[in-house]
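Report on the structure given below.
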Protein chains: 2
Amino acid sequence: MSDRETVLFANIAFYTAFATRDVKAMEHLWADGDVVCIHPGWPPLQGREAVLASWRSILANPNAPNISCRGAIANVHGTTAVVTCMEMIASQGEGTQVLAATNVFIKPPGTKEWRMIHHHAGPAHIDPEKIEEEESQPMN
Amino acid sequence: MSDRETVLFANIAFYTAFATRDVKAMEHLWADGDVVCIHPGWPPLQGREAVLASWRSILANPNAPNISCRGAIANVHGTTAVVTCMEMIASQGEGTQVLAATNVFIKPPGTKEWRMIHHHAGPAHIDPEKIEEEESQPMN
């Protein structure tokens with residue numbers, strides 16, 4: 001498998017950990033050291049400790065929204081990859097909101113596994129139905 | 001100078017090009033190839049052509065807001081660096097809005113210059129006065 005394919009798998013693993021509230025998988029996915037996370041509307045959180053504390057809090061919240069990822073595209077630059085995708089956020093009684101997300105991964109030296117170093121998600125003014133329609137088109 | 005310092009200079013060059021409406025500097029700053037730009041609320045723009053077309057449009061707009069960068073932090077991972085910062089957006093009659101931004105740079109093989117491969121900016125719920133106060137504190 002190409003780097004592009006394996007980093008898209010890592011990106012799916014991130015959203016699966018989010019959707020299934022899997023704290024251990026989320027902890028494994030994030031790299032050690034200088035990582036940053038910008039949740040929608042939040043100021044940037046710096047460092048693994050602060051970032052994982054925020055995820056533990058989000059994943060433990062019974063009112064956390066359902067999330068799924070659409071239209072992921074990966075650009076690989078050596079041992080770093082930037083994945084861009086749309087997040088579909090479904091909150092009870094509030095319909096579906098679309099966010100644009102940037103997820104940056106690295107392959108640490110001596111390893112073959114992509115780990116997340118940066119996540120940034122924020123609102124995108126896109127009709128969720130348009131994205132679902134595009135996803136249902138056959139791939140070229 | 002360290003990589004951390006030089007990439008922070010590249011980040012300043014990006015905001016200077018934005019603030020001074022310098023199209024040529026903006027074109028030089030963006031890398032060739034697989035680049036992505038997510039303007040606030042926009043869907044992701046893929047590829048140098050689409051990204052630079054958006055910047056030409058923004059920089060030519062006489063109503064484009066004034067922008068400045070605060071609190072930039074760079075995390076360097078080999079020849080890739082992720083800069084996180086706050087953008088202060090001052091629109092006439094609308095006061096100052098704060099955005100959180102992710103700027104990813106690479107040092108292409110055989111070069112010593114950081115070029116931008118990814119920009120993502122979105123609203124952050126932060127009081128602009130708080131940021132200005134923090135900036136006026138002496139650095140540790």
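The values are calculated or read from the model by the stated rules, or taken from the named source; none is laboratory data. Given the structure is predicted, the values throughout are model-derived calculations rather than measurements. Neighbour counts run over all protein chains shown; Cβ positions are idealised from the backbone, glycine included. What goes into the accessible areas is simple: the full protein's heavy atoms, side chains included, and nothing from ligands, DNA or RNA. Shrake-Rupley method; radii C 1.70, N 1.55, O 1.52, S 1.80 Å.
Label point of B:Gly110 (7 Å along Cα→beta-carbon): distances to the other copies' equivalent points are 3.2 nm, sorted ascending.
Please report the carbon-and-sulfur percent of the accessible area for the stretch B:3-140; probe 1.4 Å, protein heavy atoms only, DNA, RNA and ligands left out. Each step should come with its number before you reach the end.
Values: 3640 of 6920 Å².
It is 53 percent, rounded to a whole number.
Distances between placed amide hydrogens fall under 5 Å for B:Val35 paired with B:Gly47, B:Arg48, all partners being 5 or more residues away or on another chain. Relative contact order for the stretch A:15-140: 23 percent, from Cα pairs under 8 Å spaced at least 6 residues apart, divided by residue count.
So what is the diffusion coefficient of the stretch A:30-92 in µm² per second by Stokes-Einstein at 37 °C and 0.692 mPa s, using a Kirkwood Rh over Cα pairs? In µm²/s, the coefficient is 240.
Of B:Lys24/B:Lys112; A:Lys107/B:Lys107; A:Lys107/B:Lys24; A:Lys24/A:Lys130, which ones are farther than 22 Å apart at the Cα?
Result: A:Lys107/B:Lys24; A:Lys24/A:Lys130 exceed 22 Å.
Rounded to the nearest Hz, the phi-derived 3J(HN,Hα) couplings of the stretch B:104-120 under the Karplus curve 6.51 cos²θ - 1.76 cosθ + 1.60 (θ = phi - 60°) are 10, 10, 10, 9, x, x, x, 10, 10, 10, 6, 10, 7, 10, 7, 9, 9, where x marks glycine and proline.
Restricting the calculation to alpha carbons of the protein assembly as shown gives Rg and Dmax of 18.3, 57 angstrom. Given springs between every Cα pair under 10 Å in a Gaussian network model of chain A, which of A:Glu113, A:Glu129, A:Glu87 has the largest fluctuation? Looking only at A:Glu113, A:Glu129, A:Glu87, the largest GNM fluctuation is found for A:Glu129. Shown in residue order for the stretch B:32-45 are the 3J(HN,Hα) couplings computed by the Karplus curve 6.51 cos²θ - 1.76 cosθ + 1.60 at θ = phi - 60°: 7, x, 7, 10, 9, 9, 10, 6, x, x, 7, x, x, 9 Hz (x for Gly and Pro).
Considering only the other residues whose Cβ falls under 11 Å of the Cβ of B:Ser68, what net charge follows from Lys and Arg at +1 and Asp and Glu at -1? Show your work: numbers first, answer last.
On the way: positive: B:Arg70; negative: B:Glu87, B:Glu132, B:Glu135.
Local net charge: -2.
Looking down the axis that turns chain A into chain B, the chain A residue with its beta carbon nearest that axis, and the gap rounded to whole angstrom, comes out as A:Gly122, 1. Taking the label point 7 Å along Cα→Cβ, B:Gly41 and its counterparts in the other copies are spaced 1.6 nm apart, in ascending order. For chain A, the mean residue ellipticity at 222 nm estimated from helices alone is -10000 deg cm²/dmol, where every DSSP H run of n ≥ 4 contributes -39500 (n - 2.57) and the total is divided by all residues, rounded to the nearest 500. For the stretch A:10-55, the share of alpha carbon pairs falling in successive 10 Å distance bins from zero is 27, 57, 16 percent. Shape of the stretch B:66-140 from its Cα gyration tensor (a ≥ b ≥ c, root eigenvalues): rounded if a/c is under 1.5, otherwise prolate when a/b > b/c, or oblate? Note, shape of the stretch B:66-140 comes out prolate.
Rolling a 1.4 angstrom probe over the protein heavy atoms, how many square angstrom per residue are accessible across chain B? Let's see the in-between values first.
Working: 7130 Å² over 140 residues.
I get 51 Å² per residue for this part.
Two decimals, Cα atoms only, Kirkwood Rh: what is Rg/Rh over chain A?
Working: Rg = 14.9 Å, Rh = 15.6 Å.
When Rh is taken as the Kirkwood radius, the ratio is 0.96.
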